[in-house]
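No lab work stands behind these numbers, since they all come straight from the coordinates. This structure is a prediction, so every number in the text was calculated from the model and none was measured. When we count neighbours, we look across all protein chains shown, and the Cβ atoms used for this are built from the backbone with ideal geometry, even at glycine.
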Amino acid sequence: MRLLLTAAVLPGLFIMYYVYKKDWVEKEPMGLIVKLLVFGAISVVPAILLELLGSFVVYGGIDEPSVVTKTQVFLDNFVVVAVSEELCKYIFLKKITWKHPAFDYRFDAIVYSVSISMGFAILENIMYVLDHGLSVALTRALISIPGHACFAVTMGVFYGQAKLNERLENRKAMKTDLFMAVFLPVLMHGFFDFCLSCDSGLYTALFYVFIIAADIVCLRVIKNFSKKDYSI
C-alpha cells in the first residue's frame, strides 16, 4: 500500500516543487500552496459528479454502452470530462487566489494553477493506482500527470494576464483572458482524452506528438516566464 501511494503521489509533488523553485523573485506562502493542493484534490468531487451527469446525458445512462459513436466519444471527452475537470479547478483557483495579497507577480499565476492542478492529479492518480495497481503508475507519471501540468501552465499564463489587466483597469481584456484561461486547457484536455479514447493508430500518433510538443512548450514557458517575471 505504501509503495502504491508513493508511486501515485511523487510525480505530482515533483512537478509542483519544480515550478515552485522557478519562482525566484518572491516565493509564495507555503500555507497558500498547501491550501491549493488540498482544494485541488477536493475539486475532484464536483468534477466526478458533473462527469456522471454529463455521461448520463451523452450515453443515456451512467455506464458507457458497448457500442458508442465518435460523436458521443467527442462530447464525452471535450464537453463532459474536459469542461468538468478544468472548470472545477479554475473555480477553486480563482476563489482562493484572485484577491490574495501574495498574488503580485505574473509567475505566481502559474505556481497557483500548477499547485491546484497537481492536487487534483495526485488524488486522481491515487484512485487509478489503487484500482489498477502499480502497472499504471509509470504510464501516468510520464503521460497523465505532465498532461495536467501542461493544462495548468496554459491556465496560469492567461490567469496572470487577466490579473494584470484588472490592475490596468482593462475589464474587457481581463474577461477575455479569464475565458481563455479555461477554454484553452479544455481544448487541450479534450484532445488529450479524445486521442486516447480512439482505437486508431493515427490518433495514437497524434497523441504522442501532442503530448511531447506540449511538454516542450510548457517547459519553455515556465523557464521564460520565470526569467522575465515582473510585478502585476
Task: 0 to 90° range, to nearest 10: angle between helix 106-132 axis and the chain longest Cα axis - done: 30 degrees
- [ ] Express the Stokes-Einstein translational diffusion coefficient of region 62-126 in µm² s⁻¹, to the nearest whole number, given a Kirkwood radius over alpha-carbon pairs, 10 °C and a viscosity of 1.306 mPa s.
- [x] 113 µm²/s
Open item on the list: Given the options TRP98, SER43, VAL217, identify the residue whose Cα lies farthest towards the positive end of the charge dipole of the chain (+1 on Cβ of Lys, Arg; -1 on Cβ of Asp, Glu).
Closed with: TRP98
Open item on the list: Please give me the summed charge of the neighbours of ILE48: other residues whose Cβ is under 10 Å from its Cβ, Lys and Arg +1, Asp and Glu -1.
Closed with: -3
Task: Built amide H within the under 5 Å cut-off of TYR105, gap 5+ - done: ILE232
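Would you kindly work out the equivalent ellipsoid of the chain from its C-alpha gyration tensor and give its semi-axes, the square roots of five times the eigenvalues, largest first in whole Å? Present the calculation step by step, with values, prior to reporting the outcome.
Numbers: eigenvalues 169, 83, 57 Å².
Each semi-axis is the square root of five times an eigenvalue, giving 29, 20, 17 Å.
From the helices alone, meaning DSSP H stretches of at least four residues, give me the mean residue ellipticity at 222 nm for the chain, per-run term -39500 (n - 2.57), in deg cm²/dmol to the nearest 500.
Values: 10 runs with 182 residues, N = 232.
Computed ellipticity for the chain at 222 nm equals -26500 deg cm²/dmol.
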TODO: Please work out the Cα convex hull volume for region 128-220 and give it in Å³ per residue.
DONE: 111 Å³
Task: Rounded to 10°, Cα long-axis angle of helix 144-167 versus longest principal axis of the chain - done: 40 degrees
TODO: Determine the relative contact order of the chain: mean sequence separation of Cα pairs under 8 Å and six or more apart, normalised by residue count, in whole percent.
DONE: 28 percent
- [ ] Among GLN161, PHE183, SER115, flag the residue with its Cα farthest along the positive direction of the charge dipole of region 112-232, charges on Cβ as +1 for Lys/Arg and -1 for Asp/Glu.
- [x] GLN161
- [ ] Rank by packing, highest mean first: peptides 214-227, 130-143, with packing defined as the count of other Cβ atoms within 10 Å averaged across residues.
- [x] 214-227, 130-143
